[in-house]
Amino acid sequence: MKKSTLLLFWALCCGISAAVAQDLIVRTDSTRIEARVTEVSPETVRYKRFSNPDGPTYVLPVAGIDYIRYANGETDRFRQPAAPAPAPDASVATPAPAPAPAPAPDAPVAAPAPAPAPAPEVAAPVPGTPAAPAPGAPVPGTPAAPASVSAPAPDAPVPGTPAAPAPAPDAPVAAPAPASATASAPAASAPAAPAALPVQYELKRYAVGDYYDFNGVKGVVCKVTEDGLHGMVVSLDEVMIPWSVFRKPDLRTVGAVDRTDGRVNMEIVARYIAENGLSWDDFPAFKWCREQGEGWYLPAIDEVLAIGNNFNGGTRMHYDRQARNRFNDALKEHGGKRMDRLVYYFSSTEQDEKSVHTSHMDMKPPYVVGIPKYNKFLVRAVHLF
């Protein structure tokens, strides 16, 4: 009886000892896990927690385990002692060792993660330089740290589950050959183009009776300054038309009374037309001069007198046939009309509401005569230069 009791007690102790027997997993960071190891492979260790033997199976990479001490007292060591590094060769540079991956926390086995997205295209490698690994790919020879199974990263497969192979990237495009030194260097040998010289005009000095043709202005010089660089030209053509069209009882004074500058009288007439709702057709002599182009105008009475004097050689005190012929020949040779010595020319200077000052090209006085505005007399335009 006593022997049976002892045998029963021994069996009970063995059962309790077996029931409480556990494996101890010690990780490389000295973390201890009380577990029941279910499988050991060259890459991973599968186990269940000792406190929850019916719970999920966990997976640890062998690289993160220092050793396992089983319940029967046996021990498996996974971290090998580091081999002494060979003496560095002075002629060969030794690459720095890759850092050991940090161990991942325990993770229960879950459904396999989806296949990783295709690797993005990478830049073409430089010839002679090894291509860098694709993003997300483990460095050869270094085990990849496993992702937590409870919340796996999209690109990291569950440890122990073979990862789907990434599709091969497109064939790298050959890098363009570097430009030759001669192409990149500036063409020092080519002579620089000479700078364009500014256009230079030769100043021409004019005399009365010269033909003038510059910037679209064509005529015969009828007045000049002492240096011959400035003056006045008279139009090649002339016309016989009235000064204005107003007759009795509609005669009027416009206000064009300037005797020295016909441009002033032109402005007065233009203002009078605008203020009274008239048109240039009401002032035919002014309209014809405006139509010759910009800058042309009907001369004032003193300007008409100067034309008559210069046409006759500068004075009307003596006869100068040569001066008159030279003037008229210049007009005729360039398609114009000769100056008329006997018919009066209109000026832009008013005398009164009925008449306007006129003058002629002859030697005999009187040189200024008032003629009704509505009568037709000769008109020539002038332009300053």
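What follows draws every value from the coordinates through simple rules; no lab data is involved. Predicted model only: the values in this text are computed from it and were never measured. Cβ sites come from the backbone with ideal geometry, for glycine too, and all protein chains shown count toward neighbours.
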In terms of the alpha carbon gyration tensor, root eigenvalues a ≥ b ≥ c, rounded if a/c is under 1.5 and otherwise prolate when a/b exceeds b/c or oblate, region 287-382 is oblate
By the Cα gyration tensor axes a ≥ b ≥ c (a/c under 1.5 gives rounded; else a/b larger than b/c gives prolate, otherwise oblate), the shape of region 211-384 is prolate
Cβ-defined net charge surrounding GLN351, 11 Å radius [Lys, Arg +1; Asp, Glu -1]: 0
Checking the cross-link filter: which lysines have an alpha carbon closer than 29 Å to that of LYS248, excluding same-chain neighbours under 8 positions apart? LYS287, LYS354, LYS373, LYS376
Under 14 Å Cα to Cα from LYS332, which aspartates and glutamates show up? Leave out anything in the same chain fewer than 8 places away. ASP210, ASP237, GLU238, ASP340
Scoring only Lys, Arg, Asp and Glu (+1, +1, -1, -1) among other residues with Cβ under 9 Å from the Cβ of ASP66 yields +2
Taking θ as phi - 60°, what are the ³J(HN,Hα) couplings along region 328-334 by the Karplus curve (6.51, -1.76, 1.60), each to the nearest whole Hz, with x for Gly and Pro? 5, 5, 5, 5, 5, 5, 10
Any idea how far the Cα center of region 29-77 sits from the one of region 324-366, in Å? 128
